[in-house]
Amino acid sequence: MTLPFYVPPEQLMKDRAEYARKGIARGKAILAVEYRDGILVVAENPSRTLQKIGEVYDRIVFAGAGRYNEFEALRVAGIRHADLKGFAYARSDVTAKGLANAYSHALGHIFTQEVKPYEVEIMVAEVGLTDEENRLFRVMYDGTLYDEEHYSAIGGQAEQLVPLLEERFAPGADLGQAAAWAKGAFTAATNREFAPSDWEAAVVDRTLGRRAFRRLSAAEMAG
């Protein structure tokens, strides 16, 4: 009987991580930043139909970077998870923390048990009734979960975007200022100019009521 080819577990995990990182690096980045009334999420995405940012539940937004079909499957699964939990218990029981934990568990299982890891990074943000109640989570390809404050970035240029956001961020800014921070960070990180149609942007804004999610138009991003 032929013996199976042996690969040390640490080498297997290292190879899977490198494979996932290379796939994610080929994708466009996404960033999130708090402003006075909520959280702004901005992606470099010239497509009008293949969206990276979407509503998951009343006050929760999802964003995915990397392989589109994989993070879209996670987004749909998150919506189903949130709907079932909200129906079985109460709408207030659906939180960004619970969704982020579910995504972390799913991606961790895929990374360790499946042949190919998902080439994705996930962001989940929830606007609270006050700035202190805002929640922002980042989930890596291997299920590692990060609890972020004020701003975050995922995808290809994430490492360049975070220091740029740190330089610009100030509490209490309005939406226009937050959009200017986001566009300025992308421009500095990529060293190129963007047209208004290059952006996909959305907010979860506490002033909008229960359904806090709203997409921003190209005209709003241009202004």
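Just for region 44-66: of the residues that are charged (D, E, K, R) and crowded, with 18+ Cβ neighbours inside 10 Å, which one is farthest from ILE30 (Cα to Cα)? Taking the candidates together, the pick is ASP58.
In region 160-179, of all residues being within 18 Å of ALA43 (Cα to Cα) and more than 19 Å from the chain's Cα centre (by Cα), the one that is surrounded by the fewest Cβ atoms within 10 Å (Cβ to Cβ) corresponds to GLY176.
Per this entry, GLY78 is not counted among residues that are crowded, with 18+ Cβ neighbours inside 10 Å, touching a helix residue (DSSP H, G or I) at 6+ places or on another chain (Cβ under 6 Å), assigned to a strand (DSSP E or B) and of a type in the set (Gly, Ala, Ser). Among all residues of region 55-74, there is at least one that is on the phi > 0 side of the Ramachandran plot and either among the aliphatic types (A, V, I, L, M) or in contact with a strand residue (DSSP E or B) (Cβ under 8 Å, 6 or more places away or on another chain) (or both). Determine, yes or no, whether SER104 is among the hydroxyl-bearing types (Ser, Thr, Tyr) and at pLDDT 95 or above. Criteria met by SER104. Taken over region 146-159, the residue count meeting the criterion of being touching a Gly at 6+ places or on another chain (Cβ under 9 Å) and surrounded by fewer than 18 Cβ atoms within 10 Å (Cβ to Cβ) is 0. Scanning region 106-118 turns up one or more residues that are of a type in the set (Val, Ile, Thr), touching a Lys or Arg at 6+ places or on another chain (Cβ under 9 Å), closer than 20 Å to TYR146 by Cβ and crowded, with 18+ Cβ neighbours inside 10 Å. Of the residues making up region 129-145, those that are surrounded by fewer than 17 Cβ atoms within 10 Å (Cβ to Cβ) and out of contact with any Leu (no Cβ under 9 Å at 6 or more places or on another chain) are LEU129, THR130, GLU132, GLU133. For beta carbons closer than 7 Å, sequence separation of 6+ or different chains, a first residue in region 178-190 that is at positive phi and assigned to a helix (DSSP H, G or I) and a second that is at pLDDT 95 or above and crowded, with 16+ Cβ neighbours inside 10 Å, there are no qualifying pairs. Residues of region 58-77 that are without any contact (Cβ under 8 Å) to a residue 40 or more places away in the chain and not polar (S, T, N, Q): TYR68, GLU72, ALA73, ARG75, VAL76, ALA77. All of GLU121, GLU133 fail the test of being at negative phi and without any contact (Cβ under 8 Å) to a residue 40 or more places away in the chain, apart from GLU133. Candidates PHE213, PHE194, PHE169: the one that is at pLDDT 95 or above and touching a strand residue (DSSP E or B) at 6+ places or on another chain (Cβ under 9 Å) is PHE213. Output the number of residues of region 159-177 satisfying the condition of being part of a helix (DSSP H, G or I) and within 15 Å of LEU136 (Cβ to Cβ). Qualifying residue count, region 159-177: 4. Scanning region 98-109 for residues that are out of contact with any helix residue (DSSP H, G or I) (no Cβ under 9 Å at 6 or more places or on another chain) and more than 15 Å from GLU55 (Cα to Cα) gives ASN101, SER104, HIS105, GLY108, HIS109. Only residues that are charged (D, E, K, R) and touching a helix residue (DSSP H, G or I) at 6+ places or on another chain (Cβ under 9 Å): list them for region 14-62, please. Residues satisfying the conditions are ARG16, GLU34, ARG36, ASP37, GLU44, ARG48, LYS52, GLU55, ASP58, ARG59.
The values are calculated or read from the model by the stated rules, or taken from the named source; none is laboratory data. Remember, predicted model here, so these are calculated numbers, not experimental data. Because the Cβ atoms are built from the backbone with ideal geometry, glycine has one as well, and the counts that use them run over all protein chains shown.
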